[in-house]
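Structure record follows, encoded as structure tokens.
The values are calculated or read from the model by the stated rules, or taken from the named source; none is laboratory data. As the structure is a prediction and not an experimental result, all values here were calculated from the model. With ideal geometry, Cβ positions are generated from the backbone for all residues, glycine too; neighbour counts draw on all protein chains shown. When the accessible area is computed, the model is the full protein with side chains, heavy atoms only, and any ligands, DNA or RNA have been set aside. Shrake-Rupley method; radii C 1.70, N 1.55, O 1.52, S 1.80 Å.
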Amino acid sequence: MTDREQMIEEIRERLRAFKGAVGLPDSRAMATQLANSYPFTVEEIRVLVIEEAKAAGVQLIDGRA
């Protein structure tokens, strides 16, 4: 499994934990955490987080502020 595939699986796992939970995940915070473990930029990861959240039906907070 490539780093990208492994990271996408981790994103999906984290998003599943939020499905139906109180509170919304922050896309930038999640991307920043993952950037510590994977060789991608925060912005590259953030794009994947947003794409995976849309596919999973999970609403995100946009942490750009």
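Overview of results
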read-out	value
Rounded percent of accessible protein surface that carbon and sulfur make up, segment 16-65, 1.4 Å probe	55 percent
Extension gain from R12 to Y38, taking 0.36 nm per residue of separation minus the Cα-Cα distance	7.8 nm
Heavy-atom accessible area per residue - the chain, 1.4 Å, Å²	65 Å²
Phi-based couplings in Hz for segment 37-46 (Karplus 6.51, -1.76, 1.60; Gly and Pro marked x)	10, 10, x, 10, 6, 4, 5, 4, 5, 4
Förster radius 30 Å - calculated FRET efficiency between R4 and L24, Cβ distance, rounded to 0.05	0.75
Cα-centred dipole magnitude for the chain, charges only on beta-carbon of K, R (+1) and D, E (-1), debye, nearest 20	240 debye
Coil-residue trypsin sites (Lys or Arg not before Pro) of segment 20-63, DSSP, other Cβ within 10 Å capped at 16	none
The chain: projected area of the alpha-carbon convex hull, averaged over directions, in nm²	4.2 nm²
